[in-house]
Amino acid sequence: EAAVTQSPRSKVAVTGGKVTLSCHQTNNHDYMYWYRQDTGHGLRLIHYSYVADSTEKGDIPDGYKASRPSQENFSLILELASLSQTAVYFCASSETYNNQAPLFGEGTRLSVL
Amino acid sequence: GDSVTQTEGLVTLTEGLPVMLNCTYQSTYSPFLFWYVQHLNEAPKLLLKSFTDNKRPEHQGFHATLHKSSSSFHLQKSSAQLSDSALYYCALSLNTGNYKYVFGAGTRLKVIA
C-alpha cells in the first residue's frame with residue numbers, strides 16, 4: 001500500500017536550535033514535497049525535489065533547507081529555528097503526471113519555544 | 001502567478017442541507033484541479049480530481065464541475081452529514097511539466113444537527 005511516513009510526529013524545539021524533519025515514501029514516486037500548514041494560509045510549498053541529490057525552492061523557502069539523499073527519503077532542515085516556524089509540516093509524494101494528486105504523510109507538529 | 005482562491009474560511013450548515021464550497025483559480029495554462037479533505041489531526045486526503053474529458057468527478061456523495069470559462073471548480077453535495085465536518089482544500093497542478101501543486105487557504109465545513 002502506498003505510504004508516506006514522517007518522523008517525528010511532534011517536536012518541541014528551542015529558538016536558535018537545529019531541527020530536522022524526516023520523510024520516507026514507499027511509492028516509488030519521483031516527486032517529493034514539503035508543505036507548511038497554518039490557519040488562514042492553507043498549505044504552502046517550502047521545498048520540493050524530483051530526483052535524488054537535487055532540491056528546488058518552493059514558494060516560502062526562507063529559513064529552510066532540504067535534502068534528498070535517495071528517492072525514498074526527503075528531509076527538511078531548520079538550521080536556526082524561530083518562533084515563526086511553529087506550524088504543522090506535511091511531506092507528500094507524487095507520480096510524474098499532472099493529473100496525479102500528491103499523497104500526504106500524517107504531518108509533524110513543530111512547536112518552537 | 002498561479003493561484004487558488006477559496007473565499008469562505010468557515011461554512012456552518014445544518015445536517016441534510018446542500019453543501020457548496022467555492023473554488024476559483026488563476027493559471028496561465030489549463031491546470032488539473034483537485035479537492036482534498038482533512039479531518040482533525042489527520043493528513044489531507046484526495047477527495048476528487050478533474051478529468052481531461054470533462055466528465056464530472058464524484059466521490060462519497062461529493063461532486064465538482066470544472067468550468068474553464070469562469071475558472072471555477074466548486075465542490076457540491078446534495079445533503080450534508082455530520083461526518084462531513086472537516087477542512088477542505090482546493091488545489092491545482094501546473095500543467096506545464098513542472099509538477100508543483102498550489103493549494104487554496106482551505107474552507108472549514110462544520111455540520112450541525
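Below are the figures for this structure:
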item	result
Given (1) out of contact with any Gly (no Cβ under 8 Å at 6 or more places or on another chain); (2) closer than 17 Å to residue A:110 by Cβ; (3) not in a strand (DSSP E or B), index of the condition residue A:80 fails	(1)
Qualifying position, being facing another protein chain (nearest Cβ under 9 Å), within 21 Å of residue B:102 (Cα to Cα), free of Cβ contacts under 8 Å to residues at least 60 places away in the same chain and surrounded by 22 or more Cβ atoms within 10 Å (Cβ to Cβ), among A:76, A:43	A:43
Condition met for residue B:72 (buried (at least 21 other Cβ atoms within 10 Å of the Cβ) and polar (S, T, N, Q))	no
Breaking point among (1) open to solvent by less than 50 Å² (accessible area, probe 1.4 Å); (2) under 12 Å from the mean Cα position of the chain (by Cα), for residue A:3	(2)
Which listed residue is crowded, with 19+ Cβ neighbours inside 10 Å, over 22 Å from residue B:89 (Cβ atoms) and touching a residue at least 12 places away in the same chain (Cβ under 8 Å), from A:68, A:36	A:68
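Results for (1) on the phi > 0 side of the Ramachandran plot; (2) open to solvent by 10 Å² or more (accessible area, probe 1.4 Å); (3) in contact (Cβ under 8 Å) with a residue 24 or more places away in the chain; (4) within 11 Å of another protein chain (Cβ to nearest Cβ), shown as yes or no for each residue.
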residue	(1), (2), (3), (4)
B:27	no, yes, yes, no
B:36	no, no, yes, yes
B:46	no, yes, no, yes
B:62	no, no, yes, no
B:67	no, yes, no, no
B:94	no, yes, yes, yes
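The values are calculated or read from the model by the stated rules, or taken from the named source; none is laboratory data. Because the structure is predicted, anything quoted here is derived from the model rather than measured. Don't worry about glycine lacking a Cβ; one is built from the backbone with ideal geometry, like all the others, and counts go over all protein chains shown. Protein only, heavy atoms only, side chains kept; ligands, DNA and RNA dropped before computing areas. Shrake-Rupley method; radii C 1.70, N 1.55, O 1.52, S 1.80 Å.
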